[in-house]
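This report concerns only the one structure given below.
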Amino acid sequence: METFKGKIQDFKLSTSQNSVVVVGYFDGLHHYHQELLRQASEIAQKNNLKLIVVTFSKKIGTSNQTADLMSEKTKKDFLVQNYQIDDYLILTVDDYLISLSPQDFVNWLKKGLKTVKMVEGADFRFGHFAKGNVATLQKTFGEENVTILPRQNKVSSTIIREQLQNGKIDEALENLGHDLTIDISTQENGNLIKYSWVAPNIVFPPNKYQLETSNGQKVILDYHSPTNFSFQPERLDSEILYLKKQK
């Protein structure tokens, strides 16, 4: 998977092969996002197309930035492990990108990414003031070339975030469709080990939670806040941990 991170006007496609494209923020990569990517993968394989996933450096169109369910690295690792994506674009959200009209963005999809097919959620919006929608895509690429996935009201990043904040861990993980990855950093000074919470920036209710490191070590997290927590055992074999179902 080739990764590009930068301004939309700086991306240059490396081949002339046509593509199927999925665009979205994909916070948490929950069940709904996974289905979009699964269908796009099938279309790419069936039609000999490149699979391109386009996301953004931050969520567009919200004045209050909510805490992401995944770090950028965790999101990328998940995509690499589960999908055969050819190009992964993380576009910088700046005044230029935000000011693009729906037609400008569609033109970039066609010319810049050689898009011939798309897979999007029914509520997908894009372009300046979010004036573009799936009907805009259908008009441009043809109805037969735009796969639209109906929105599942019970699965959204907002709902999952609220469930985690309210301590409904198992319900949140069920909707997420995978364990929640927790990134930490470690500082050692002699026998003293200090951990810092990196992501996700979500406040859980104070409690003891069952985790597992990426190497399979079983861990108990005694959590009070992102700045007040400890692990048992104290020494971990990885800085990547997974919040497991608690039952």
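Readers should treat all values here as calculations from the given coordinates under stated rules, not as data from a laboratory. The structure displayed is predicted, hence computed values, not measured ones. Please note: Cβ atoms are built from the backbone with ideal geometry, for glycine as well, and neighbour counts cover all protein chains shown.
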Using R₀ = 45 Å, calculate the FRET efficiency as 1/(1 + (r/R₀)^6) where r is the Cβ-Cβ separation of Ser230 and Glu162; round to 0.05. 0.95
Within straight-line cross-link reach of Lys75, aspartates and glutamates at Cα separation under 15 Å, skipping those fewer than 8 residues along the same chain: Glu2, Asp27, Asp87, Asp179, Asp183
If one computes P(r) from the Cα atoms of the chain, what percent of pairs lie at distances over 26 Å? 44
Let me have the relative contact order for the range 179-243, percent, based on Cα pairs under 8 Å that are six or more residues apart. 36
For all pairs of alpha-carbon atoms in the range 179-243, what percent lies in each bin of width 5 Å, listed from the first bin to the last filled one? 4, 17, 32, 30, 13, 3, 0
Please identify the trypsin sites (Lys or Arg not before Pro) of the range 27-107 that satisfy two criteria: DSSP loop assignment and at most 16 other Cβ atoms within 10 Å. Which are they? Lys58, Lys59
Taking square-rooted eigenvalues a ≥ b ≥ c of the alpha carbon gyration tensor, is the range 2-149 rounded, prolate or oblate, where a/c under 1.5 means rounded and, failing that, a/b exceeding b/c means prolate? rounded
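Output the pairs from Lys12/Lys117; Lys12/Lys76; Lys50/Lys76; Lys73/Lys111; Lys58/Lys244; Lys73/Lys131 with a Cα-Cα distance over 24 Å in this structure; if there are none, say none.
Details: Lys12/Lys117 19 Å; Lys12/Lys76 20 Å; Lys50/Lys76 18 Å; Lys73/Lys111 29 Å; Lys58/Lys244 27 Å; Lys73/Lys131 31 Å.
Distance filter (> 24 Å) returns Lys73/Lys111; Lys58/Lys244; Lys73/Lys131.
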Given labels modelled 7 Å from the Cα in the Cβ direction, how far is it in nm from Lys154 to Ser57? 3.9
With springs only between Cα atoms under 10 Å, which of Ser101, Ser156, Ser14 fluctuates most in a Gaussian network model of the chain? Ser14
Starting from the Cα of Glu188, step 7 Å toward the Cβ, then list every residue of the range 215-242 with an amide N under 15 Å from that point. 234-240
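Over the chain, what is the relative contact order in whole percent, taking alpha-carbon pairs under 8 Å and six or more residues apart? Walk me through the numbers on the way to the answer.
On the way: 446 pairs, mean separation 46.2, N = 247.
Relative contact order for the chain comes out at 19 percent.
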